[in-house]
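Each reported figure results from applying straightforward, stated rules to the coordinates on display, with no laboratory input. Predicted, not measured: the structure shown is a model, and the values here were computed from it. Reconstructed Cβ throughout: ideal geometry from the backbone, glycine too, with neighbour counts over all protein chains shown.
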Amino acid sequence: MASGKCGAEEVARERDAAVADALDEAARVLVRLAARLRAVHDGPRAADRVAAPPPAAPAPETPARQRRRQPLGERQQAVLALGGLATETGLAAGDVAQALGYTAPNATNILKRLEELSYLSRVPGERPLRWRRREVSG
């Protein structure tokens, strides 16, 4: 009987661990979704973008625009959806890591890559390093 009880407890423990893992993943997805929704509605000039007429002709391709044509990964998109990047003070890697459930080094690498792709720029004179959305011209 004792081994039957231990077996049942083990099955229950594994089931509970699987449910906990699923809930952790669901929480991460919900945090990313919330960040995306905030970015859609809280953009610094969302109303201006909606009201602005379309440009007369496309701007010439620059190296930064050519790099931007590369598709972004899910984690890069989640970072760009964070509303804090639209502020003057931007976000530090630790802020991004906490908001999205990433490690700080991973968040730093994503921020640096988005900077290389001309989506973000570093906030000058800030320590720890902070990034904000780069203004696109033309």
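Taking the criterion of being among the acidic types (Asp, Glu) and either in contact with a Leu (Cβ under 6 Å, 6 or more places away or on another chain) or in contact (Cβ under 8 Å) with a residue 24 or more places away in the chain (or both), the only residue of region 96-121 that qualifies is Glu116.
Restricting attention to region 107-131, the residues that are under 20 Å from Gln70 (Cα atoms) and not aliphatic (A, V, I, L, M) add up to 9.
So which residues in region 128-138 are within 16 Å of Leu82 (Cα to Cα) and in a loop (DSSP other than H, G, I, E, B), if there are any at all? Write out each step before concluding.
First, the residues of region 128-138 that are within 16 Å of Leu82 (Cα to Cα): 130-135.
Result: Arg134, Glu135.
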